[in-house]
Amino acid sequence: MSERYLQIDKVRMVFETRKGPFCALEEISLDIRAGEFVSLIGHSGCGKSTLLNIVTGLLQPSEGDIFLANREITGPGPDRGVVFQNHSLLPWLTCFENVQLAAERVFGATEKKNAVKERVHRALELVQLGHAEHKYPHELSGGMKQRVGIARALSIEPKVLLLDEPFGALDALTRAHLQDELMRIVAATGSTVLMVTHDVDEAVLLSDHVVMMTNGPAATIGGILAIDLPRPRDRIALAGNRQYVALRAELLEFLYRKQMREAA
Amino acid sequence: MSARPVIVHTLKAPRVEVGPADASTQLHPAMNQASSAPEKPLYVRTRAPEWLPQVLAPVIGLALFVALWAIIAKVGGRLPDPVSTWHSAVDVFSNPFYRKGPNDQGIGWNVLTSLGRVGIGFGMAALVGIPLGFMLGRFRFLSDMAAPVISILKPVSPLAWLPIGLMVFKAANPAAIYVIFICSLWPMIVNTAVGVRHIPQDYLNVARVLNLSEWTIFRKILFPAVLPYMITGVRLSIGVAWLVIVAAEMLTGGVGIGFWVWDEWNNLNVQHIIIAIFTVGIVGLALEQGMILLARRFSYE
């Protein structure tokens, strides 16, 4: 079971447009083990977010199936924790209430109110925002908002964490800080993660495997890069690490030589 | 923080050079330790406080208005001048709650009666219009169904509905309330529906990803997201309702600020008509400001 925890099986995605059918994804098959961190990388428009949305359940694939822990995914559900690019916190709820909305949905029926609240506290402590529980999203920095988004996704104890360019909207320093934070959280919780990114360093630093997507239309998997750098990883130590530099070069080679975008 | 004194000194520099260097160092010994601990500014330009023009402008505007009125009264003859109107107003407002029979009551009763009608008609419109707006916003088909009816009825002057009200209810008071109801209805339906349609997809995705129940979606996402739009609808409705009540009451009679205006016209008491105009204006302004305060309370940006 751990060999094929999240199983993407021959997924094909065709959008009906006014100019006729548009094939976004072609024959995507991917198996992810429990506890593994996998990144999807590719140029913008290659359909990596489409693939993530299919796993999320927001999109139905035209063909193919997705299984999570041996159960077929037919729509969105709280067995998957989603972190959106633009945090998507509800502005009229405090951080606590935003996370509570998710936790209450999953554990409200089976656990007492206080137990659920305890979960919310723990999730916010995990992202080191215990002190900001009662602030509203507009009172927080972009990085803090995204951390609340991560706390919300984790509070429901999902089988898999799905991240859609989670740090894309943040400045470089905040992004680095949150990447370290995410590594710590994933190590602490043993989460299985599927992340969409277009940042080469982020992909190599965080992942066990990097899935390289070819350019659309009809994008598919161009190659899978295994990142067997030992954990915990330290970005400063890695910067000079030969293996790291080689992996990074391989990714860059794929993105900028093999999948060069014309006038992109 | 540390940038602050530096800026003060750079601004200061040319000014110091103008005067005798000696005197300036004596007057301001702080000059020499320029970049050390923050000192209080050496020179503060005296400027009128910021609130002053903000208060002054409306006062001047009102004064000009009254002056213009006084001139017109003097030249035109028949219009009562501001001073006599003021005395009359003091008289009217000194006893706002007297009752001498059904057709002679204090201005307080008249205003309260009108507000009561607006309140009832408007409240009923809110009870019907807001849920209807939610439904039209949520379901495309319903919205397409309602669109032609709303588009045709919305621009109709509320007073055109009055005869139908009189015919159906056979009484003046419910007819006036019904006119308020009709004219308050449209802004609330339309604004609520627009609000529902403008809920960011991100919020709905959160709901879908968590598989929230419809009731939770309504309480935690739809309702708070639509609230600012709804309040705008309510604000527009109250504005229109207050506009319309005066006209409706002129036609229906009884007690009410609109009827009072008509009654004073029949008495040829023009001062009282002007007082009524100002009263209507001030009450309308208060309603509007109240709604703006409410809207500010529920805005999340």
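The values are calculated or read from the model by the stated rules, or taken from the named source; none is laboratory data. Keep in mind it's a predicted model, so treat the numbers as computed, not measured. All Cβ positions, glycine included, derive from the backbone under ideal geometry; neighbour counts span all protein chains shown.
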- Query: Does segment B:44-79 hold any residues that are outside any helix (DSSP H, G or I) and free of Cβ contacts under 8 Å to residues at least 60 places away in the same chain, and which are they?
  - Reply: B:Val44, B:Arg45, B:Thr46, B:Arg47, B:Ala48, B:Pro49, B:Glu50, B:Gly77
- For segment A:117-128, pairs from a residue that is in a helix (DSSP H, G or I) to a residue that is surrounded by 15 or more Cβ atoms within 10 Å (Cβ to Cβ) and basic (Lys, Arg), with Cβ under 8 Å and 6 or more apart or across chains, are A:Ala123/A:Arg152
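Inspect segment A:82-90 for any residue being surrounded by 14 or more Cβ atoms within 10 Å (Cβ to Cβ) and farther than 18 Å from A:Ile150 by Cα and give the result as yes or no.
Keep residues of segment A:82-90 that are surrounded by 14 or more Cβ atoms within 10 Å (Cβ to Cβ), which gives A:82-90.
Imposing the further condition that a residue be farther than 18 Å from A:Ile150 by Cα reduces the set to none.
Among the residues of segment A:82-90, not one is surrounded by 14 or more Cβ atoms within 10 Å (Cβ to Cβ) and farther than 18 Å from A:Ile150 by Cα, which makes the answer no.
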- Task: Select the helices (runs of 4 or more DSSP H) contained entirely in segment A:168-264, then report the ones holding at least 3 residues which are surrounded by fewer than 20 Cβ atoms within 10 Å (Cβ to Cβ).
- Result: A:172-189, A:235-239, A:242-253
- Task: Considering each of B:Ile150, B:Ile120 in turn, give the residue that is touching a Phe, Trp or Tyr at 6+ places or on another chain (Cβ under 7 Å), in contact (Cβ under 8 Å) with a residue 40 or more places away in the chain and either buried (at least 18 other Cβ atoms within 10 Å of the Cβ) or not aromatic (Phe, Trp, Tyr) (or both).
- Result: B:Ile150
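How many residues, within segment A:59-109, are assigned to a helix (DSSP H, G or I) and more than 7 Å from chain B (Cβ to nearest Cβ)?
Going residue by residue through segment A:59-109, those that are assigned to a helix (DSSP H, G or I) are A:95-107.
Add one more test, that the residue is more than 7 Å from chain B (Cβ to nearest Cβ), and what stays is A:95-100, A:103-104, A:106-107.
So the count comes out to 10.
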- Task: Could you figure out which of (1) free of Cβ contacts under 8 Å to residues at least 60 places away in the same chain; (2) not assigned by TED's automatic domain parsing to the domain that holds A:Leu182 isn't true of A:Thr74?
- Result: (2)
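Restricting the search to segment B:195-227, which residues are over 16 Å from A:Val82 (Cβ atoms) and either crowded, with 17+ Cβ neighbours inside 10 Å or of a type in the set (Ser, Thr, Tyr) (or both)? I'd like the intermediate steps shown before the answer.
Applying the first criterion (over 16 Å from A:Val82 (Cβ atoms)) to segment B:195-227 yields B:195-199, B:213-220, B:222-227.
B:Gly195, B:Val196, B:Ile199, B:Ser213, B:Thr216, B:Ile217, B:Lys220, B:Leu222, B:Pro224, B:Ala225, B:Val226, B:Leu227 - these are the residues of segment B:195-227 that are over 16 Å from A:Val82 (Cβ atoms) and either crowded, with 17+ Cβ neighbours inside 10 Å or of a type in the set (Ser, Thr, Tyr) (or both).
Restricted to segment A:24-52, and to residues that are polar (S, T, N, Q) and crowded, with 21+ Cβ neighbours inside 10 Å, which residue is nearest to A:Leu205 (Cα to Cα)? Let's see the steps before the verdict.
Residues of segment A:24-52 that are polar (S, T, N, Q), as a first pass: A:29, A:39, A:44, A:49-50.
Next cut, crowded, with 21+ Cβ neighbours inside 10 Å only: A:39, A:50.
Working: A:Ser39: 10, A:Thr50: 23 Å.
In this case the residue turns out to be A:Ser39.
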- Item | Top-ranked residue of segment B:194-219 - restricted to ones that are facing chain A (nearest Cβ under 7 Å) and in contact (Cβ under 8 Å) with a residue 12 or more places away in the chain, ranked as nearest to A:Ile54 (Cα to Cα) | B:Val206
- Message: Of everything in segment B:225-254, what is within 14 Å of chain A (Cβ to nearest Cβ) and either free of Cβ contacts under 8 Å to residues at least 12 places away in the same chain or closer than 24 Å to B:Ile282 by Cβ (or both)? Give them in sequence order.
- Response: B:Ile231
